[in-house]
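Below: the structure, in structure tokens.
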Amino acid sequence: MTTHTANTAVHPAWLPDAALAPLRTRTVAVLGEGVCLDTVRAELADARPAAPAEATLAVARLDASDAAAGTSDLAAALGLDPGALPTLPASGFAIVRRAGRAVVLGADDAAALRGLYALAREHAVAALRSEPHPDGVTTSAPAMPLRMLDHWDNMTVHPVMGQVERGYSGGSIFFADGEVRTDLSRVRAYARLLAATGIDAVALNNVNVHAREARLLTDGLPDAARVAAQLRAYGIRTFLSVSFGSPRLLGGLDTNDPLDPGVAAWWAEAANAVYDVVPDFGGFLVKADSEGQPGPFAYGRSHADGANVLAAALAPHGGTVLWRAFVYNHTQDWRDRSTDRARAAYDHFAPLDGAFADNVIVQVKHGPMDFQVREPLSPVIAAMPRTRVALELQVTQEYTGHQRHVCYLAPAWREYLTFPLDGERTVAEIVAGTPGEGAGQAWPSHPAGGIAAVSNVGDDEFWTGHPLAQANLYAFGRLAWDPTLEPDAVLEEWIALTFAGAGPAALPRIRAALHAVMAGSWLRYEGYTAPLGVGFMVTPGTHYGPSVDGYEYSPWGTYHFADRDGVGVDRTRATGTGYTGQYPAPWRDVYESRRTCPDELLLFFHHVPYDHVLHSGKTVIQHVYDSRADAVAELDDVDAQWESLADLVGTAIPTALDTRVRERLAEQRRSAVEWRDQVRSYFFRKSGVPDATGRRIY
């Protein structure tokens, strides 16, 4: 076997030694057994050990029976009163501070490890703000039972998509040359980073399962088990993307029909084999009947039929099927104005509500199209109250600048998660299974789904290509754990941890500059790209840079319908595709009317004339002209803010990091100018309406 060595010059991201130093200078004790408690011991190996009752930092697992009984044995061992033992929710942790001591208690050993990292985070933020943390008890538990990253990694280099599909950070950290890497130290470092955010599951391979990757389920299992061992040490479960066509592809059967007993038996045997080597295996991630992937439609079966045969195979082991709802016609006739890609997921899945097995989670992209910088929330999320649903986000910046542009996505994700999609509950509450009652109907409690996202990591020395894109990965984990967190507060955490060694003079300057560079970057990116929710306008294939008509006459269903009179897609019930009717109240009517439709989504739902006046008071065409120009002008301050830190390069800011950021900022400016000039010129040529300010249009 070829030996693949990991990159040794790897940036520590948000867990540099300086972030853990305040904990390692304490006297410490770790109580209990478990693989994650062994990881706690490794993290604190350089600290001076002490008896648990005397240690200034103690970490322990608080079993439910201990907490319920107020057990004095554990309390006495830790030097606490029995009443000081808090009640911990499932997978949660508590930090008890008394007289200069900190005791971290986890509901299980993975929670104890997360609690240790939370304590490090609190120290870093306190140092950033020069605010000591008071004594008391803080308790934290995940809002979502599933907090997952999907890797679109290929074992071999795909001739079109490369090794990581929609990856902008180098090759895979898991695979090289068609094999699982021999050296998995980079995977272990990655698991450590994820544990410090709240992620608890990782799918190793691309949802577009190619022939080599499909064999991870069979002869690749021993190597998959090696990866799982690295993730397990940090409380992270392993999932595999599997092909619906596996019974024929791998098993030699003559069918993949999910209702065929032989197919069901094959999946059961495959699942048994996985759990023989990975006892804590999470389950399967499936993309079926989508963009050429095989699926149940070939046999006249439904997606529930397809998912349930896999679910039955996993159920005896406690495994889960994540079945993606990204199903649509990708060979659409552009001449056909009645077929609407936005409708597809709802049309396929909403009628199946209640038909999926209990261990199936339908994974739904946040919007009805494809991770655009601005689109409405998918109505599917609110349309299946008897089904476990997971929200799917995209950390990798496929449509938000390829990690060449600064685009901090937490504000967008927070907006999605807190949106009251069913008229009462937020998206976060829906996917967490929170019961509610609103809009004239009761919403029952059901088994929770969760939240998943496409990872932005590769074997690049900075993990994410653009060093500042690390903040997106960090923020996803934190919002998956607690969707109520404010994006600015999450950014503050990331800055405090990542630059923990910067020192008290430099750290406030870095904090101020990065807030200026990053906090408004999502809206800035939207400002110079596709306007008012119309989407796409990107270069076909790569999805980078402007090509306003690039997809306009294509089979992908991604149209803006600009003509001499106006622009936008009519998705109303009255005159369009009827897509607005897929939403519950009040949104079905809010989006139906131009008068009430939010400006930022106007062109997604309506075809309007260029002189249509927005709620802002501007016409559509003048908004296009102004917003493109203003967003590019804002980059002057972005460059200036980073330049203001130049004297810290080589000390508080690593030289290599500064070099990479400068390269990416230069490319962002070049690309943004191209976006500005192409979009403005395109709409001037379509409309014939000049820019009222007299700015140059080409």
Tell me which trypsin sites (Lys or Arg not before Pro) from region 363-408 have a DSSP coil assignment and no more than 15 other beta carbons within 10 Å of their own. ARG386
The list (1) -0.47, -1.28; (2) -0.45, -1.12; (3) -0.35, -1.22 gives values of log10 I(q)/I(0) by the Debye sum over Cα atoms at q = 0.06, 0.11 Å⁻¹, and only one came from this structure; which label was calculated from it? (3)
Could you let me know the centre-to-centre spacing of region 502-534 and region 159-197, using Cα atoms, in angstrom? 27 Å
On the full set of protein chains, 1.4 Å probe, figure out the accessible area of GLU634 and give it in Å² to the nearest 10. 90 Å²
For the chain, build the charge dipole from Cβ charges (+1 Lys, Arg; -1 Asp, Glu) around the Cα centre, then report which of VAL277, TYR591, PRO89 sits farthest towards its positive end. TYR591
Dipole of the chain, positive direction: furthest Cα of LEU31, HIS560, TRP334, with charges on the beta-carbon: HIS560
Tell me the net charge near ARG248. Cut-off is 14 Å between Cβ atoms, ARG248 excluded, with +1 for each Lys or Arg and -1 for each Asp or Glu. -2
Go from 0 up to the bin containing the longest alpha carbon distance in region 249-297, width 5 Å each, and give me the % of pairs per bin. 5, 17, 21, 26, 19, 10, 2
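If you add up the charges near ILE697, with Lys and Arg at +1 and Asp and Glu at -1, over every other residue whose beta carbon is less than 11 angstrom from its beta carbon, what do you get? Working shown, then result.
Numbers: positive: ARG628, ARG676, ARG680, ARG685, ARG695, ARG696; negative: ASP677, ASP691.
Around ILE697, the surrounding residues sum to +4.
Over region 112-151, with the other protein chains present, what is the accessible area per residue in square angstrom, probe 1.4 angstrom? Please report the intermediate quantities before stating the final value.
Numbers: 1430 Å² over 40 residues.
Here the residues of region 112-151 average 36 Å² of exposed surface.
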Alpha-carbon Debye profile of region 456-510, log10 I(q)/I(0) at 0.18, 0.23 Å⁻¹: -0.67, -0.94
Neighbour net charge for VAL608 - beta-carbon separation under 12 angstrom, K R +1, D E -1: -3
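Sorted by accessible area (1.4 Å probe), largest first, how do SER140, SER616 line up? Don't jump to the answer; show the numbers that get you there.
Details: SER140 35, SER616 80 Å².
Largest to smallest exposure gives the sequence SER616, SER140.
About the Cα centre, and with charges only on the beta carbon of Lys, Arg (+1) and Asp, Glu (-1), how big is the dipole of region 286-420? Nearest 20 debye, please. Working shown, then result.
On the way: 13 positive and 14 negative charges, 37 e Å.
So the magnitude is around 180 debye.
Between the DSSP loop rule and a limit of at most 16 other Cβ atoms within 10 Å, which GluC sites (Glu not before Pro) in region 213-305 are left? Each step should come with its number before you reach the end.
On the way: sites: GLU213, GLU269, GLU291; in loops: GLU291.
Answer by residue number: GLU291.
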How many percent of DSSP beta bridges within the chain run antiparallel, rounded to 5? 35 percent
Heads up, I need the accessible area for SER185: 1.4 angstrom probe, whole protein in place, Å², nearest 10. 70 Å²
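Which of the peptides 161-174, 341-354 is most tightly packed, and how do the rest follow, going by the mean number of other Cβ atoms within 10 Å of each residue?
On the way: 161-174: 22.5, 341-354: 19.1.
Highest mean packing first, the order is 161-174, 341-354.
Please report, in debye to the nearest 20, how large the charge dipole of the chain is about its Cα centre when each Lys and Arg carries +1 at its beta carbon and each Asp and Glu carries -1 there. Display every interim value, and only then the final one.
Numbers: 60 positive and 82 negative charges, 156 e Å.
Roughly 740 debye, rounded to the nearest 20.
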With a length cut of 24 Å (Cα positions projected on each helix's long axis) and a Kyte-Doolittle mean of at least -0.5, go through the chain and give me the DSSP H helices that pass. 109-129, 261-277, 620-643
Could you check how much of the accessible area of the chain is carbon and sulfur, as a whole percent, using a 1.4 Å probe? 52 percent
Which one, HIS303, ALA512, THR572, projects farthest toward the positive side of the charge dipole computed for the chain from Cβ point charges (K/R +1, D/E -1)? ALA512
What does the highest-first list of 234-246, 560-572 look like by mean Cβ count within 10 Å? 234-246, 560-572
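The values are calculated or read from the model by the stated rules, or taken from the named source; none is laboratory data. Quantities reported herein were computed from a predicted structural model and do not represent experimental measurements. Note that each Cβ is placed from the backbone with ideal geometry, even for glycine, and that neighbours are counted across all protein chains shown. Heavy atoms of the whole protein, side chains included, go into the accessibility calculation; ligands, DNA and RNA do not. Shrake-Rupley method; radii C 1.70, N 1.55, O 1.52, S 1.80 Å.
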